[in-house]
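Trainee: Here it is: the structure, laid out below.
No value in this document is a laboratory result; all are computed from the given coordinates. All values reported here derive from a predicted model rather than from experimental measurement. Heads up, the Cβs are rebuilt from the backbone with ideal geometry, glycines too, and the neighbour counts pull from every protein chain shown.
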Amino acid sequence: MASMIEDAINGFYLGDDKLKELTSLMEAEFEKGLCKETNDKAEIKMLPAYVTETPNGKEEGDFLALDLGGTNFRVLLVKIDKGEVQMFNQVYAVSKELMTGTGVQLFDHLTECLWDFLVQHDMMCQLLPIGFTFSFPTKQYGIKKTTLVRWTKGYTATGVVGEDIGELLNTAINKKFKIRCMNFDLKIMSTVVNDTVGTMVSCAFDYPKTCMGLIVGTGTNMCYMEAQEKIKTLEENEVTPGKEMCINTEWGAFGNNSGALNAVITEFDKSVDEDSPNQGQQIYEKMISGMYMGELVRRVVVKLMDAGLMFVGTTSDSILYTSGLSTAFVSQVLSYDYNQSDFDLLKNYISGFGAVATNEDCVVLKRICEAVSLRAADLCAVGVVATAKRVVANRGNVQVIVGVDGSVYRRHPTFKDLLVKKTMQLAPDIDIRFELSTDGSGRGAALVAAVESRIHKLQLK
Ligand code: BGC
């Protein structure tokens with residue numbers, strides 16, 4: 001029976017050979033996504049983000065940023081003056097009803113929040129350029145038009161997939177503001193930005209060598225600067241030879257239909273996927289990101305509990321049975337050590353979930369959390385290396401700075417170190433540095449709008 005515990009845990013350990021194989025498979029999927037003929041069928045969409053430059057320090061002015069990507073919506077006012085950035089922001093909740101209701105309700109709510117923010121800052125009826133971080137897979141048609149490819153992270157609001165996000169926002173703003181402002185004339189330039197892009201751009205403001213943007217939070221994704229000639233999905237007139245463009249990889253979809261991850265997928269991954277609202281999608285994301293990490297741990301625990309191998313004496317009304325576990329649970333468990341006083345603390349923590357634990361249970365629970373976390377970091381390193389290889393192929397063997405953000409990267413006690421270590425092991429020849437990005441979805445999005453304004457003004461001259 002002890003072997004059931006070992007089998008469950010060992011299923012999460014992937015050797016370096018396997019990780020290297022996965023890196024090659026991911027590189028091949030990147031290539032498919034960039035190629036016009038294969039993009040349709042490619043699982044990693046490699047979406048051109050139409051951001052062709054990172055900040056050069058000459059950006060100036062006041063900008064608004066909106067940030068939607070999880071359970072919160074943020075509105076920010078960002079003032080950039082001589083390289084100094086000042087920010088004011090307000091967080092608004094997005095209820096489950098709004099996430100799963102209609103698109104009209106959702107965008108009306110976003111506009112209501114924007115209005116509230118403008119009232120607070122005495123800026124009613126006066127709209128500045130907006131950088132809108134919309135952290136879902138989108139397809140961009142030039143800098144102006146961005147449509148939603150599919151919802152992720154629990155959102156299902158109707159009437160949004162396939163629609164132009166900027167347009168939905170502008171319509172909602174027009175509707176609300178026209179009633180409240182006399183002669184309101186919407187002349188804003190809103191740029192829809194993926195959170196990875198904001199993360200990269202915000203980090204590039206501080207570290208100009210930044211050319212990749214990574215998020216490991218509720219979801220996971222990566223963007224990077226690609227040579228425009230290699231983005232075969234662009235129209236000929238969109239390509240300037242020698243210039244780069246940011247690609248939003250949407251790597252979370254790796255393994256959706258290529259079978260690339262089949263050899264490493266466990267029964268727990270399968271059941272998490274089957275019970276998710278987007279079954280069969282975001283397979284790689286479900287093995288890495290914060291939305292699923294606690295749930296994976298819970299499913300292993302439940303299997304061992306059902307087999308009478310863990311938390312014996314726990315009744316079926318325990319929270320472990322009745323509701324999901326968050327990544328915060330995993331982080332908490334990992335913050336305890338393997339010693340008696342920490343076991344006592346851990347037992348107490350577990351009792352809050354209605355479960356009865358022994359010392360042995362504490363050891364097993366910690367090992368499960370370690371295994372799930374290590375696998376998440378290992379798989380993420382695979383993606384980082386696959387992406388960095390593309391950068392090096394374009395720019396030569398220069399230092400690659402990855403701007404990073406996300407709750408798992410920031411708050412999980414071991415993820416960051418495991419990721420850095422594995423990345424170095426998988427790519428010893430590439431100088432990859434991770435830098436925490438300052439508020440990519442807020443400051444970054446405003447900076448994207450600022451860079452756009454700068455380029456636009458230059459073009460008008
Ligand atoms: C979305 C990406 C986003 C990532 C991180 C994923 O679920 O598809 O667009 O960048 O989460 O927030």
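Trainee: What's the Kirkwood radius of the range 371-457 in Å, using all Cα pairs?
Mentor: Result for the range 371-457, one decimal place: 14.4 Å.
Trainee: Starting from the coordinates of the alpha-carbon atoms of the chain, obtain the Kirkwood hydrodynamic radius over all distinct pairs and give the value in Å to one decimal.
Mentor: Evaluated on the chain, it is 23.1 Å.
Trainee: Follow-up. Stretch K36-K209 to full length: gain in nm at 0.36 nm per residue minus the Cα-Cα span?
Mentor: Result for the pair: 59.4 nm of gain on full extension.
Trainee: What FRET efficiency comes out for T315 versus S95 if R0 is 45 angstrom and r is the Cβ-Cβ distance? Round to the nearest 0.05.
Mentor: 0.90
Trainee: Separate question: Binning at 10 Å from 0, report for the range 258-413 what percent of all alpha-carbon pair distances ends up in each bin.
Mentor: Cα pair-distance distribution for the range 258-413, in percent: 10, 35, 31, 16, 6, 2.
Trainee: Under a straight-distance cross-link criterion of Cα-Cα below 20 Å, which lysines are reachable from K366, leaving out those fewer than 8 residues away in the same chain?
Mentor: Cα-Cα hits under 20 Å: K303, K347, K416.
Trainee: With a 10 Å radius around each residue's Cβ, average the other Cβ atoms per peptide and rank 298-307, 8-17, highest first.
Mentor: 298-307, 8-17
Trainee: Here's another thing I want to ask about it. How far apart, in nm, are two points set 7 Å out from the Cα along the Cα-to-Cβ line at E274 and at T322?
Mentor: In this crude spin-label approximation the distance works out to 2.4 nm.
Trainee: Now, a different point. What number do you get for the range 43-121 when its Cα radius of gyration is normalised by 2.2 N^0.38 Å, N = residues?
Mentor: Relative to the rule-of-thumb radius for its length, the range 43-121 sits at 1.36.
Trainee: Still on this structure, I have one more. What does the charge add up to near N348, with Lys and Arg as +1, Asp and Glu as -1, over the other residues with Cβ less than 14 Å from its Cβ?
Mentor: Cβ neighbours under 14 Å give a net charge of -2.
Trainee: Taking the Cα-to-Cβ direction at A263 and at T158 and moving 7 Å from each Cα, how far apart do the two end points lie in nm?
Mentor: Spacing of the two 7 Å Cα→Cβ label points: 4.4 nm.
Trainee: Now for a separate question. Would you mind giving the three semi-axes, in whole Å and largest first, of the ellipsoid equivalent to the range 91-183 according to its Cα gyration tensor?
Mentor: Ellipsoid semi-axes (Å, largest first): 23, 16, 12.
Trainee: Okay, moving on. I want to check the label-to-label distance for S3 and M124. Put each point 7 Å from Cα in the C-beta direction and report it in nm to one decimal.
Mentor: 7.3 nm
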